[in-house]
Every structure is written in structure tokens, then in C-alpha cells.
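Right, one structure below, let's go through it.
The values are calculated or read from the model by the stated rules, or taken from the named source; none is laboratory data. On a predicted model such as this, the values are computed, not experimentally measured, just so you know. With ligands, DNA and RNA removed, areas are computed over all heavy atoms of the protein, side chains included. Shrake-Rupley method; radii C 1.70, N 1.55, O 1.52, S 1.80 Å.
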Amino acid sequence: MKALANRDPFRLGLVTIAVGVVLGLGVLLISVIPFGKSTYTAVLEQSAGLRAKEDVQVSGVRVGEVRSVKLVGSAVHVTFTVDKGIHLGSRTTAAVKVATLLGTHLLAVTPEGSGNLPHDTIPISRTSVPFNLQDVLDQGTHRVEQLDSAKLAKLFSTMARELAPSTQQFGPALQGVVRLSDDVARRSDQFGALLKAARSVTGQLSASSGDLIGLMKQTDLVVSEVTARRAAIHRLLVEARRLAHNVNAVIGQTKADVHPALRALNGALAELHRQDGTLRHVLDTMAPAVRYIANASGNAPYGDLHTYNNAGIIPPNDGIGCKLAGNC
């Protein structure tokens with residue numbers, strides 16, 4: 001206590017003020033400088049109601065907040081932060097969207113492209129804002145002023161005159177639309193099940209895309225092979241047609257000769273068939289006689305024949321008689 005009483009109150013006040021200033025600056029830096037975040041700028045055509053402290057989202061997830069909204073020239077520059085782990089590529093886009101019905105907004109950032117965002121700034125060409133009601137009213141007023149009121153009145157009068165006979169049908173038509181809407185509302189569960197089944201089929205097709213692509217490749221190979229052998233198949237068909245033509249020509253040329261020969265052959269076969277019993281009897285009768293002759297001659301299945309031409313049985317000038325007589 002005595003040491004504190006001996007100190008200069010003026011110096012103690014200065015030290016206290018300095019410590020307070022340092023603490024205030026530290027708190028200010030902590031609240032202003034975003035630690036663990038990256039700061040970017042988006043150039044907008046208009047603010048669209050976006051304010052500081054509102055969310056910055058990537059794919060619907062909050063990754064930062066809007067730090068400031070300032071008018072620079074004819075454009076609005078929005079400074080915002082995102083987490084360090086979010087990488088914004090060279091073609092990153094940003095859009096101002098309505099967050100709630102109470103009028104709060106958010107800045108939706110879509111990272112795209114490779115590399116880094118040039119100058120950490122999203123240009124106005126890659127940003128979008130909700131439609132401006134004033135612009136819509138201005139454009140609509142200009143368009144309405146260009147309409148011809150007289151022709152428009154004539155158009156409405158003509159429509160009223162033409163639709164007057166059909167007024168009784170409008171009621172049932174509207175009732176039919178209402179019933180259709182009620183049916184759709186009642187069958188919403190079935191529609192949901194149908195969409196779920198369609199999604200399942202789509203997922204199955206997507207999962208089997210590799211097999212389908214492989215099947216298409218195999219089909220392409222088969223078609224390529226058939227195409228490559230098309231010339232050989234064509235040549236085979238041409239040769240087969242030529243062969244059929246030649247066979248037809250041969251049959252046509254030999255028809256006159258073959259027909260009588262076949263008819264004579266049929267006659268001979270018929271006669272042999274009629275004489276089958278006689279021939280069989282002759283063969284059965286001749287077999288013992290031939291066997292006895294072969295045994296008697298001693299030449300196995302051969303027989304010797306001796307004759308003399310002294311009686312003039314064989315003419316001397318005949319070749320066979322010459323050979324038999326031995327005087328050729």
C-alpha cells in the first residue's frame with residue numbers, strides 16, 4: 001500500500017489508459033480481422049437488399065458472412081469471407097438470393113474452374129441478383145404505352161362476342177379442371193411412389209452403364225466384322241447364283257437325252273423285277289453244274305475250251321478265229 005501511495009498518480013493514469021487502449025484495439029482486431037477465413041469481393045449490379053452480417057453459403061452450407069456492402073461507381077462491391085478450406089476457382093460465380101420470407105438475404109457462391117480467383121474478385125459478369133421490381137415496372141410501362149388501345153378494345157369486344165355462346169360450357173370445363181386437380185392431390189402419394197420407382201430404374205441404369213457400354217462395344221465389333229466380310233458374303237451369293245444357273249442350264253440341255261434313258265432304265269428294271277424268280281432259279285441251277293465242271297477241269301473257276309477250225313466254223317479272216325487257230 002505504501003508503494004502504491006509513493007507512485008506518481010499521473011504516470012499510473014497514463015499506464016492505465018495505454019493498457020485500456022491496447023485491450024480495445026485487441027478486441028477490435030479480433031472482431032474485425034477474420035481469423036481462419038479468406039476475404040473476397042463480389043461485384044454486383046445492385047445490392048438487392050443484401051446487408052452486412054448476412055450469410056455466405058456454398059451448396060446450401062454456411063461458410064462465411066458478408067462483411068460490407070459498398071457502392072463503387074455504378075456497381076456494388078460486396079466484401080465477404082469464406083472458410084480457409086473453401087477454394088474459389090477462376091470461374092467462380094455468386095448470386096444474391098432471398099433466404100426467408102422476412103426479407104433476409106444470402107450470398108450463394110459456386111466455386112468453379114481451376115487455379116485461383118483473379119484479384120480475389122468475382123466480376124459483375126459472373127454475378128446475379130433477384131429481379132428489380134422497378135425495372136420490371138419501367139419495362140412494363142414502356143410496353144403498355146406501345147399498345148394500340150383502340151385495337152385492344154376491339155379485340156376484347158370480339159372475344160366477348162365470340163365466347164358469349166359458350167358461357168354455359170365454361171362452368172363444366174372449370175369443374176373438370178377442379179376435379180382433375182383434386183385427383184392429382186389425392187394421388188400425390190402414388191405419384192411420389194411412381195417418381196421413386198422411376199428414380200430407382202434410373203439409378204439401376206446408371207449403375208449398369210458400364211455393362212451397357214461394354215455390350216454396345218461388343219455389338220459394334222460384331223457389326224464391324226460383318227461389314228468387313230460383306231464382300232466375301234456377296235461373292236459367295238453371286239457364285240451360288242451362278243452355280244444354280246449353270247446347273248439349270250445343264251439340266252435343260254440334257255433333259256431330252258436323260259428322259260428317254262431314264263424311261264428305258266425304268267423299263268429294264270421293271271423287266272428284271274418280273275424275271276427275278278426265273279433268274280434266281282437259273283443261278284441256283286447253274287451253281288452245281290459250274291462247280292462240277294470246275295472240279296472236272298482242274299482249273300478252279302476256269303474252263304478250257306479246245307476247238308479246231310478244220311470244219312470252217314470260224315471264218316479264217318476273223319480276228320477271233322485267227323487267234324483261236326494260232327495262225328495269226
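For region 66-89, taking the residues that are closer than 20 Å to residue 116 by Cα and open to solvent by 40 Å² or more (accessible area, probe 1.4 Å), the one that is farthest from the chain's Cα centre (by Cα) is identified as 77. Picking from residues in region 25-58 that are open to solvent by 40 Å² or more (accessible area, probe 1.4 Å) and in a helix (DSSP H, G or I), the one that is modelled with the highest pLDDT is 25. In region 286-303, the qualifying residues are those that are open to solvent by less than 80 Å² (accessible area, probe 1.4 Å) and in a helix (DSSP H, G or I), and the one that is modelled with the lowest pLDDT is 297.
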